[in-house]
Amino acid sequence: MVTRRLALRLLSAATALAALLAGAPGTAARSAAAPRDSGAQQEASWTGPLSTRGRYIVDASGARFKLKAGNWSGAQGTWQGSGDTTDPANNQAGQVSYNLPLGLDRAPLAEITAAFRDLGLNSVRLPFANAMIHDGAAVPDAAVAANPQLRGRTPLQVFDAVVAALTADGFAVILNNHTTSYRFCCGLDGNERWNSGQSTEQWVADWVFMAERYRLNKRVVGADLRNEVRRDVWDDPNWGLGDGHDQHAAFEEAGNRILRAAPDLLIVMEGINWQGVPLAGLPHGRPQLKPVATLSNTLIDSGKLVYSAHFYAYTGPANTGAGSGPGATGDPRYQDLSPEQLAAAVDEEALFVTAAGQHFTAPVWISEFGAGGRGAGDAKERAWFDRFTAILAAHDTDFAIWPLVGWHNDGVPQDSWALLHYDRAGRRLSVEDPGDWRAAYWNRLVAAPSRTGAVPVAARWNLLDLDHGDRNVSRHMLALPDWSSGNRKGDCPDGQRLIGLGRGDGRGLCTDAAQPPAGEGPWTAVTDERYVTGGDWAAGYDKLQCPGGQLAVGYGVRNNAMAALLCAPAAVPATAATLPTGAAGAGRVLWFDHGDNRPPASTGADSAASDWAPGAYKGQCGAGEYVAGVAMTWRWLHYGVPDALLCRPLA
C-alpha cells in the first residue's frame with residue numbers, strides 16, 4: 001500500500017516523470033549525444049574533495065556535483081569459479097580481465113578515458129577485490145598489451161595507474177570493494193558479505209590501506225564499502241542485531257576508521273541486497289535501504305555519508321533474478337511493475353532517503369543499473385530501462401551504469417550490457433554508434449535538467465543508537481579516555497548537540513540546527529545533581545544537568561537507565577555571558593514519560609517526520625533549543641530511564 005508520505009513524494013515528481021515518458025526519444029535526432037566537455041574543461045569544472053549538503057553531493061566550493069558515472073569493472077575478477085582462470089569459457093561473457101579493469105589489453109588508457117568523456121561521464125566507480133591488495137604477482141604481458149608501460153606491474157600497481165589516469169583527466173573516482181576473492185559476483189560465490197572469506201578486521205584494514213594509499217589525490221572522492229551484501233548458504237546479513245552479520249554496525253565502524261585515516265573521502269553505504277531463502281512460503285526479499293528509515297548511520301564527519309542501491313529489470317523486490325532452478329520464484333520482477341508501481345518501489349527501497357530534514361537524509365547514488373543493448377531484444381527490459389532512467393532523471397538522482405567496458409568480435413558484443421566494446425585490434429564500438437537502442441534513453445538521462453551551482457548548507461540530524469554498545473562519533477572524545485566507564489555511551493559528531501532521547505531504548509538524536517560555535521574549556525561528564533542550580537525543574541526526580549555555558553552533546557546509560565550526561569562549552573555572542581538560562585532555571589520541561597513529545601511531523605523538518613526510536617517514547621527539544629538537563633526516576637517502575645528534558649533557547 002502506498003503511504004500518504006510516499007504518495008506526496010511521488011506526486012511531487014509525477015509531472016516531470018510523465019513528461020519524460022511521454023517524450024521518450026525515438027528518432028535519431030533525439031538520440032544524438034549532447035556536446036561533452038573536454039578533459040581540460042572537466043578538470044576545471046570541479047574541485048575536490050566532495051562532501052554532502054542534505055540530499056546533494058557538493059565539491060570543495062559548495063557547488064553541486066552530480067555523479068554521472070559508470071562502472072569500469074574487471075579488477076574484482078571475471079572468473080566464474082571453476083576451471084582455468086585464464087580460459088575465456090570460465091570467465092564472465094568470455095572476457096578474461098586478468099583481475100584488471102577491462103580493456104587494457106585492447107586500448108590505451110588515454111583512449112578509454114576519452115571514450116568515457118564522450119559518454120558524458122564525470123565520475124567512475126572502480127570495483128576491486130580484496131585479493132588484489134595482497135596479490136604480489138606481475139600481470140601477464142598479454143593483460144596490458146595495449147599499455148606496455150604497465151608490463152611487470154602487480155594488479156594493484158596497474159590499478160594505481162588507472163586511478164592516476166582517470167583523475168588526471170578530471171574524473172572523480174569512487175573505489176568499490178566488490179568482492180573478497182577474484183571470483184565474479186554475485187550469487188553463492190563466497191563474496192556474499194564483507195566478512196565472507198576474511199575477518200571484519202581484515203576487511204577494515206584493507207579499506208584503511210586503500211584510503212591511505214590515495215589520500216593525497218583529491219579526485220579519489222569515495223569509498224564504496226561493499227557490493228551487494230546478501231545471504232550466504234546459511235546466514236542472512238542484518239541491519240542492527242549487533243552480531244557478526246550486522247551490516248549497519250560493520251559499515252559504520254569501517255566508515256569511521258576510513259575517515260580517521262582519510263577525512264576527505266565520501267563513505268558510500270549500500271543497503272542489504274538480499275535476505276531470506278527464495279522459496280514460496282518462506283520469508284525473502286530485497287530490503288535495500290528500507291532499514292535506514294529507523295536506523296540510519298552516523299559518521300564522525302556527518303557531511304560524508306552517501307547511501308546507494310542497485311536496480312535491474314530482471315530482479316525484483318522479492319525476486320532474486322534467477323530464471324529457473326534454485327532461487328527462482330514467482331515474485332514480480334521490476335520489469336513486471338507498472339510505471340506507478342516501479343516509481344513506488346524505487347522510492348520505498350531507496351529514494352525516500354533524500355527527503356529533507358530527517359535523521360536519514362543523505363544523497364542516494366544508484367550505483368548500478370543497466371540492460372542488454374545491441375542485439376538484445378527483451379521488450380520488457382527495454383520498457384523498464386525507459387521507465388527507470390526517466391525516474392532517475394525526474395528525481396535528479398546520482399547514477400552509475402553497469403558496465404562501461406566489454407569486448408566485441410566483428411561488431412557483435414560479448415557482453416551486450418557494456419556501453420563501450422573493443423575488439424582485439426582496439427576498434428571501439430559505442431552505445432552511441434547506430435544499432436544500440438539504449439542510446440536515446442542514455443542521452444536523455446545524461447542531459448536531463450539537474451540542480452547546479454551553490455547548494456545552501458542544511459541542518460543535519462543524526463541518530464545515536466546504543467542498542468548493543470557505544471556510539472562514540474566525536475573526534476574530540478575519541479582522542480580522550482573513556483568518559484563513562486562501564487556504561488554504554490554515545491556522543492554526537494563534533495559541531496552537533498544532543499536534542500532528543502528515546503525512553504528506555506538507548507537512542508538519541510543530534511543536530512547542528514542553529515548550533516553555536518564550540519567554546520573553549522574542558523567538556524564535563526555529569527553523573528550527579530551538583531550543577532542543578534536556579535530551582536528544581538523536576539521535583540521528586542533525579543536530574544543530570546549541564547554546567548552553565550555548556551550544552552549536552554552525549555549521554556551514558558546502564559541497562560537503559562540514565563547514568564551520565566556529556567556537556568560541552570558553547571561560544572556565545574560578545575553581549576552574552578553564557579548560554580541563555582534565565583532566572584530560577586528558566587526554560588521548558590519537556591515530559592515524554594507517557595507518549596512522544598516532539599515537534600509536529602507536519603513541519604517536515606527537525607527529523608519529526610521520521611521515527612528514530614521505534615517502539616519507544618521520544619522527547620525532542622525544538623531546533624532553536626538545547627538540552628540542558630535530563631530527569632529520571634526509579635519510582636513507579638520507571639527504572640531510571642529518561643522521563644523529561646530541560647530545553648532552553650539557544651538565543
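The values are calculated or read from the model by the stated rules, or taken from the named source; none is laboratory data. These numbers come from a predicted model, not from an experiment. Every residue, glycine as well, gets a Cβ built from its backbone with ideal geometry; the counts of neighbours run over all protein chains shown. Heads up: the accessible areas ignore ligands, DNA and RNA and are worked out on the full protein's heavy atoms, side chains in. Shrake-Rupley method; radii C 1.70, N 1.55, O 1.52, S 1.80 Å.
Within a straight-line Cα-Cα reach of under 27 Å, LYS68 can be paired with the following lysines, leaving aside sequence neighbours fewer than 8 residues apart in one chain: LYS218, LYS290, LYS304, LYS380. With contacts taken as Cα pairs under 8 Å and at least 6 residues apart, the chain reaches a relative contact order of 12 percent. Taking the C-alpha atoms only, the angle from helix 379-394 to the longest principal axis of the chain is near 40 degrees. Extension gain, ALA328-LEU241: 0.36 nm per intervening residue step, less the Cα-Cα distance, totals 28.5 nm.
Please give the length that would be gained between ALA539 and ALA205 if that part of the chain were fully extended, namely 0.36 nm times their separation in residues minus their C-alpha to C-alpha distance (nm, one decimal). Present the calculation step by step, with values, prior to reporting the outcome.
On the way: separation 334, 0.36 × 334 = 120.24 nm, distance 5.11 nm.
Gain in length upon complete extension: 115.1 nm.
Around GLU368, under 11 Å between beta carbons, what's the net of Lys plus Arg minus Asp minus Glu among the other residues? Can you show the working numbers first?
Details: positive: ARG125; negative: ASP224, GLU228, GLU270.
Every neighbour counted, the sum reads -2.
Quick one: length gained pulling LEU480 to ALA142 fully straight, 0.36 nm per residue minus the C-alpha distance? Taking LEU480 through ALA142 to full extension adds about 116.4 nm, to one decimal.
The simple spin-label model puts a point 7 Å past each Cα toward its Cβ; for THR452 and ALA164 those points are separated by 3.3 nm. Only one of the listed values, (1) 32; (2) 19; (3) 15, was derived from the coordinates as percent of Cα pairs over 47 Å apart; which label is it? Recomputing percent of Cα pairs over 47 Å apart here gives the entry labelled (2). Modelled label positions at ALA280 and ASP37, each set 7 Å beyond Cα in the direction of Cβ, lie 5.3 nm from each other.
With the highest mean first, a sort of the peptides 618-627, 41-50, 82-91 on other beta-carbon atoms found within 10 angstrom per residue produces 618-627, 41-50, 82-91. Accessible area per residue for the chain, computed on protein heavy atoms with a 1.4 Å probe, is 37 Å². In this rough spin-label picture, where each label sits 7 Å from Cα along the Cβ direction, the LEU216-ALA89 distance is 4.9 nm. Listed by chain and number, the aspartates and glutamates whose alpha-carbon sits under 14 Å from that of LYS489, ignoring those within fewer than 8 places in the same chain, are ASP465, ASP467, ASP470, ASP505.
Note down the net charge around PRO642, summing +1 for each Lys or Arg and -1 for each Asp or Glu among other residues with Cβ under 11 Å from its Cβ. Kindly include the intermediate steps, with their values, before the conclusion.
Working: positive: ARG503, ARG507, LYS543, LYS618; negative: ASP505, ASP542, ASP593, ASP643.
Around PRO642, the surrounding residues sum to 0.
A cut-off of 5 Å between modelled amide H atoms, ignoring neighbours fewer than 5 places along the same chain, links ALA172 with SER123, VAL124. Note on SER82 and ASP378: with the Förster distance fixed at 30 Å, the Cβ-Cβ geometry gives a FRET efficiency of about 0.60. In deg cm²/dmol, rounded to 500, what helix-only [θ] at 222 nm does the chain give when every DSSP H run of at least 4 residues adds -39500 (n - 2.57) and the total is split over its residues? Computed mean residue ellipticity for the chain: -5500 deg cm²/dmol. Taking Lys and Arg as +1 and Asp and Glu as -1, the other residues whose beta-carbon sits under 13 Å from that of LEU305 total 0. Placing +1 on the Cβ of every Lys and Arg and -1 on the Cβ of every Asp and Glu, with nothing else charged, gives the chain a dipole about its Cα centre of roughly 1200 debye.
What separates the Cα centres of the stretch 594-651 and the stretch 372-407 is a distance of 45 Å.
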